[in-house]
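Just below is one structure, and these are the notes that go with it.
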Amino acid sequence: MATSVLYMSMSLDGFIAGPGDEPGNPGGDGFMRLHDWYGFDQDGEIADLDGMGGHFMRETMATGALVAGRRTVEQVDHWSGDAHGVPIFVPSHRPPGPSVANHPMVTYVSDGIVSAMAQARSAAGDRDVVVLGGYTAQQALAAGVLDELQIHQIPVLFGSGRRLFDVLPERVELEIARVIDTPDATHLRYRVRR
């Protein structure tokens, strides 16, 4: 069965987006500071494929489906309908905008996060499901359908912006599955205790 894994870069004070996070400024002011550890070159490609950026990019590309929040997908126009060739599931209570008609790999799921995750797991087969978006992660945790969290902890304090775990309905216990410490980020993988 597929494991659902939240992948998120986060400042030390818990922010996943800077101030001014809106469609015209996805991720807000200073957002790319949270992703510098990937080591992107001038063309937006990972310069050192043997480094941490390459490692985590390969890990992400090996997944079989993606569940992402509506805010996340709309800010990037659904990645033009192609998230490394796998289906994209978007939990939302509102119907999709007209651009989704151009993206056959994108499915809006109106009956909640549990259904969205079940559809993604089915599509992924034995591969993992990537989860993206702060609100979506909170909903998945609350519903008991998020298995693991891969947090890339960046040594910076944003001070304001959008927090990853701003509102959780209850306490969630985690166990550490993996820690990789580098000068640019500490990569923390947790399993959700059930």
Among (1) over 19 Å from residue 138 (Cα atoms); (2) in a helix (DSSP H, G or I); (3) under 15 Å from the mean Cα position of the chain (by Cα), the one test that residue 36 misses: (3)
Filter result for the condition that a residue is buried (at least 16 other Cβ atoms within 10 Å of the Cβ) and either in contact with a strand residue (DSSP E or B) (Cβ under 6 Å, 6 or more places away or on another chain) or at pLDDT below 90 (or both), over 75, 42: 75
Residues (under 24 Å from residue 17 (Cβ atoms) and surrounded by fewer than 19 Cβ atoms within 10 Å (Cβ to Cβ)) located in the range 87-107: 92, 93, 94, 96, 97, 99, 103
Test: residue in the range 88-110 that is modelled with pLDDT of 95 or more and basic (Lys, Arg): no
Check on residue 116, surrounded by 15 or more Cβ atoms within 10 Å (Cβ to Cβ), assigned to a helix (DSSP H, G or I), at pLDDT 95 or above and aliphatic (A, V, I, L, M): yes
Any hit, the range 3-19, residues being without any contact (Cβ under 8 Å) to a residue 60 or more places away in the chain, in a loop (DSSP other than H, G, I, E, B) and touching a helix residue (DSSP H, G or I) at 6+ places or on another chain (Cβ under 8 Å): no
Subset of the range 102-136 (residues that are within 14 Å of residue 147 (Cα to Cα) and in contact with a strand residue (DSSP E or B) (Cβ under 8 Å, 6 or more places away or on another chain)): 113, 117, 120, 121, 127, 128, 129, 130, 131, 132, 136
Search result, residues across the range 9-39 that are buried (at least 18 other Cβ atoms within 10 Å of the Cβ) and within 18 Å of residue 76 (Cα to Cα): 9, 16, 17, 18, 21, 27, 28, 31, 34
Per-region count, the range 121-144, residues part of a loop (DSSP other than H, G, I, E, B) and surrounded by 19 or more Cβ atoms within 10 Å (Cβ to Cβ): 2
All positions within the range 145-162 that are under 15 Å from residue 27 (Cα atoms) and in a loop (DSSP other than H, G, I, E, B): 158, 159, 160, 161
Residues located in the range 20-33, provided they are modelled with pLDDT under 95 and either assigned to a helix (DSSP H, G or I) or of a type outside the set (Asp, Glu) (or both): 20, 23, 24, 25, 26, 27, 28, 30, 31, 32
Subset of the range 176-188 [in contact (Cβ under 8 Å) with a residue 60 or more places away in the chain and surrounded by 15 or more Cβ atoms within 10 Å (Cβ to Cβ)]: 184, 185, 187
Residues satisfying the stated conditions in the range 160-173, i.e. in contact with a strand residue (DSSP E or B) (Cβ under 8 Å, 6 or more places away or on another chain) and surrounded by fewer than 15 Cβ atoms within 10 Å (Cβ to Cβ): 160, 173
Enumeration of residues in the range 163-186 that are in a loop (DSSP other than H, G, I, E, B) and either within 18 Å of the chain's Cα centre (by Cα) or over 19 Å from residue 35 (Cα atoms) (or both): 164, 165, 166, 167, 168, 169, 170, 171, 172, 173, 185
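The values are calculated or read from the model by the stated rules, or taken from the named source; none is laboratory data. Because the structure is a prediction, the values reported are computed rather than measured. Every residue, glycine among them, receives a Cβ derived from its backbone with ideal geometry; neighbour counts consider all protein chains shown.
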